[in-house]
Amino acid sequence: MEILFAMNGVNSSLWLDALRKAMPVAKIRTWLPGDRAPADYVLFWKGDPVALSARTGLKAIFNMGAGVDALMRLVSEHPGLIDDRVPVIRLEDAGMARQMVEYALYWALRFARRFDIYEAQARERVWQPLDACSFDAFPIGVLGAGKLGLPVATALAGLGFPVRVYSRSEKGAPGVTPYAGPERLMAFATGARLIVNLLPNTPETEGILGKRLFDVMADGSYMVNLARGSHVNDKELIAALDSGKLARAVLDVFRAEPLDAAHPFWSHPGIDITPHISARTLLAESVAQVAEKIARCERGETLAGLDFRRGY
């Protein structure tokens, strides 16, 4: 069994060591320019598209992260790059869901308990207790009901928040109200005090976090974007913050990363920025998942791949 390692931006030696321990019978090699030799599997992340082209005998390609838009872009830019018969497998969780839950819970609690306001008051040496908060009066909407969105929605509901979730097709969980389809988007967002975005990056979701959505949210509400920067209409977000329609926005992802030092997000007093760290790919969990899926494939089982038409 031949496995081709084509991952950029990672510690290759750590990954290769873990992969060889998990699959000792496999022959694992790092892709180098000019490598056209056959392979059974390719582990790909932000690599050179040449590593995928004209690769014969492939049983599957593994996209080594939850985000698939970079690979989707490569496929659109290089027609025929991947044989339609070869499944492209994404990492379903690999420890990311728990991290997303932690991140979302932190901000939901911070805003519901108004610690952001207390922090601002403390900087001004203002001693002013606010009225007691009630989670019942702090409805939260989660955009996206996939492998990351549903765990976030369920965890928030478990704390006592009224939680609603939006997706292409109706998906629910205990304590979570489902909304499905574009015609239900505004109803989903109406009156929300906080929106957490975990949607897939598709043409339909481009700029979804914009004026139309903000206008139906509660006045002085909050937004947390954990999906992709392209989901945000930058100008409309700043306008909503400047008008007070939104109280704050938390951004972990951006259209171009790293975020340019001159970008207005850096200096805006209503924006909190983190450097795309809401959920990192965890090596041990990722390797275990890849090894398990390869073992299934070697047993003749069919692995569900990406739907390039839907974009996820």
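The values are calculated or read from the model by the stated rules, or taken from the named source; none is laboratory data. Keep in mind that what you see is a predicted model, and the values were worked out from it rather than measured. Every residue, glycine among them, receives a Cβ derived from its backbone with ideal geometry; neighbour counts consider all protein chains shown. Areas reflect the complete protein model, heavy atoms only, side chains present, ligands, DNA and RNA absent. Shrake-Rupley method; radii C 1.70, N 1.55, O 1.52, S 1.80 Å.
In table form, for the structure just shown:
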item: Of residues in segment 222-249 being surrounded by 23 or more Cβ atoms within 10 Å (Cβ to Cβ), part of a strand (DSSP E or B) and of a type outside the set (Phe, Trp, Tyr), the one farthest from the chain's Cα centre (by Cα); result: LEU246
item: Filter result for VAL176 (touching a Gly at 6+ places or on another chain (Cβ under 7 Å) and not aromatic (Phe, Trp, Tyr)); result: no
item: All strands (runs of 3 or more DSSP E) inside segment 1-87 with 2 or more residues being open to solvent by 50 Å² or more (accessible area, probe 1.4 Å) and closer than 30 Å to LEU226 by Cβ; result: none
item: Output for segment 278-307, where each listed residue is among the polar types (S, T, N, Q) and open to solvent by less than 40 Å² (accessible area, probe 1.4 Å); result: SER278, SER286, GLN289
item: Residue match in segment 216-232 (condition: more than 24 Å from HIS276 (Cβ to Cβ) and not hydrophobic (A, V, I, L, M, F, W, C)); result: yes
item: Breaking point among (1) more than 18 Å from ILE195 (Cβ to Cβ); (2) without any contact (Cβ under 8 Å) to a residue 24 or more places away in the chain; (3) open to solvent by less than 60 Å² (accessible area, probe 1.4 Å); (4) small (Gly, Ala, Ser), for GLY95; result: (2)
item: Test: ALA262 is among the hydrophobic types (A, V, I, L, M, F, W, C), at pLDDT 95 or above and over 22 Å from the mean Cα position of the chain (by Cα); result: yes
item: Output for segment 216-228, where each listed residue is of a type outside the set (A, V, I, L, M) and under 17 Å from GLY270 (Cα atoms); result: ASP219, GLY220, SER221, TYR222, ASN225
